[in-house]
Amino acid sequence: LLAENADEQADRRPVVVERKVVLPDATDDLANDLNVDRAWLQECIDLLRDRPQLIFYGPPGTGKTYIAQKLAAHLAGDNVRLVQFHPAYSYEDFFEGYRPLEEGGFKLKPGPLRKTVDAARESPSTPYFLIIDEINRGNMSKIFGELLMLIESDKRGEKNAIRLLYSGEQFWVPPNVHIIGMMNTADRSLAMIDYALRRRFAFFGMEPAFSSDGFRTYQTTIQNPKFDALVNIVEQVNDAITEDGSLGSGFRIGHSYFCAPGIVDDAWLSDVVEYELIPLLNEYWFDEPSKAQNWASHLRSTIRG
């Protein structure tokens, strides 16, 4: 009789069904908007289908944040949140923690990951994205805590629920939550990223895309010989950076420095050179000022014609 009652109760329990989340393919319009090749974009989406965590890493100015936001919006519409890690960022900021109230006392408040997960559970067939800028600047173990296990592809779902630190409730991450992080390879803290986190993310390298079809098309529409000459010099600078033993390919200058929001004229080009590129080179070669000055002279010469 007890066995029969147990069977009846088991039959009444809700059955948890893991639904397959469908991520749309890349489109020509999206690829053109991002100045990247469609095949490259599709590879990013295929990676996210296989593993819901992805990190874009590469030199400064390669469009990591811009592409991540546009890609997430294409895949999930408005179901996208953006946060930025920093050395003081914590588990309480990212997931949940007690926060003081104006009237006194404390209240347990959700962070961006908790909010994303709660929303995703309400709509299990809809993709949700959390974008983390400067992911390598935070203390990964401190920020993720027990969540490091739950974000793994094979640890998703209610069957892998664990008890939370503060609320004590059982918590799990649904399969429709995706995370995209961004890393700047010119940031020396990159080597400090937690190895446990490395296992849980796919890493997608981003290169300066001056020779890509998307950028070449953009360059053609500008029709500015000085712009072309400046790009030429920057590609030469990148070769010098790559060959420099104290720098390397991770410090190259990216193409997004040249993606103008408006008209590309002498004033705009001069601003890019004087206030973005030259200060960057001065920082790179602070111990070789003559080298920085030499390249600065080449960059300025393109604007003078």
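Out of curiosity, is P127 more than 15 Å from the chain's Cα centre (by Cα), crowded, with 19+ Cβ neighbours inside 10 Å and not hydroxyl-bearing (S, T, Y)? Answer is yes for this residue.
I need the full set of residues from region 97-120 which are at pLDDT below 90 and crowded, with 16+ Cβ neighbours inside 10 Å, in order please. Walk me through how you get there before you give the answer.
Initially, region 97-120 is screened for residues at pLDDT below 90, giving 97-108.
Answer for region 97-120, where residues must be at pLDDT below 90 and crowded, with 16+ Cβ neighbours inside 10 Å: just G97.
Of F95, F85, all but one fail to be in contact with a Lys or Arg (Cβ under 6 Å, 6 or more places away or on another chain) and within 30 Å of G214 (Cβ to Cβ); the exception is F85.
Considering region 43-83, the residues that are touching a helix residue (DSSP H, G or I) at 6+ places or on another chain (Cβ under 7 Å) and of a type in the set (D, E, K, R) include one that is nearest to Y257 (Cα to Cα), namely K70. Any chance region 191-204 includes a residue that's farther than 27 Å from D46 by Cα, within 18 Å of the chain's Cα centre (by Cα), modelled with pLDDT under 90 and not in a strand (DSSP E or B)? The answer is yes; a qualifying residue exists.
Only one residue in R81, R51 is under 20 Å from R198 (Cα atoms), surrounded by fewer than 20 Cβ atoms within 10 Å (Cβ to Cβ) and touching a Ser or Thr at 6+ places or on another chain (Cβ under 6 Å), so which one is that? Talk me through it step by step, then tell me what you get.
Details: R81 fails: under 20 Å from R198 (Cα atoms).
Sole residue among the options that is under 20 Å from R198 (Cα atoms), surrounded by fewer than 20 Cβ atoms within 10 Å (Cβ to Cβ) and touching a Ser or Thr at 6+ places or on another chain (Cβ under 6 Å): R51.
Against the conditions (1) surrounded by fewer than 17 Cβ atoms within 10 Å (Cβ to Cβ); (2) part of a helix (DSSP H, G or I), D287 satisfies every one except (2).
If you take the residues in region 139-152 that are open to solvent by 30 Å² or more (accessible area, probe 1.4 Å) and in contact with a strand residue (DSSP E or B) (Cβ under 8 Å, 6 or more places away or on another chain), which one is nearest to V21 (Cα to Cα)? Checked region 139-152; the qualifying residue nearest to V21 (Cα to Cα) is M149. Would you confirm, using the coordinates I've provided, whether A240 is more than 25 Å from the chain's Cα centre (by Cα), among the aliphatic types (A, V, I, L, M), under 23 Å from M206 (Cβ atoms) and buried (at least 16 other Cβ atoms within 10 Å of the Cβ)? Here the answer is yes, as A240 does meet what is asked.
Yes or no, residue by residue, for (1) out of contact with any strand residue (DSSP E or B) (no Cβ under 8 Å at 6 or more places or on another chain); (2) under 16 Å from G61 (Cα atoms); (3) at pLDDT 95 or above; (4) polar (S, T, N, Q):
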| residue | (1), (2), (3), (4) |
| --- | --- |
| F251 | yes, yes, no, no |
| Y257 | yes, yes, no, no |
| V264 | yes, no, no, no |
| E288 | yes, no, no, no |
| Q293 | yes, no, yes, yes |
| G305 | yes, no, no, no |
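Taking (1) farther than 13 Å from Y284 by Cβ; (2) assigned to a helix (DSSP H, G or I) in turn, A260 satisfies each apart from (2).
The values are calculated or read from the model by the stated rules, or taken from the named source; none is laboratory data. Here the structure is a predicted model, which is why all the values come from computation and not from measurement. Note: ideal-geometry Cβ built from the backbone for every residue, glycine included; neighbour counts use all protein chains shown. Note: areas computed on protein heavy atoms with side chains; ligands, DNA, RNA excluded. Shrake-Rupley method; radii C 1.70, N 1.55, O 1.52, S 1.80 Å.
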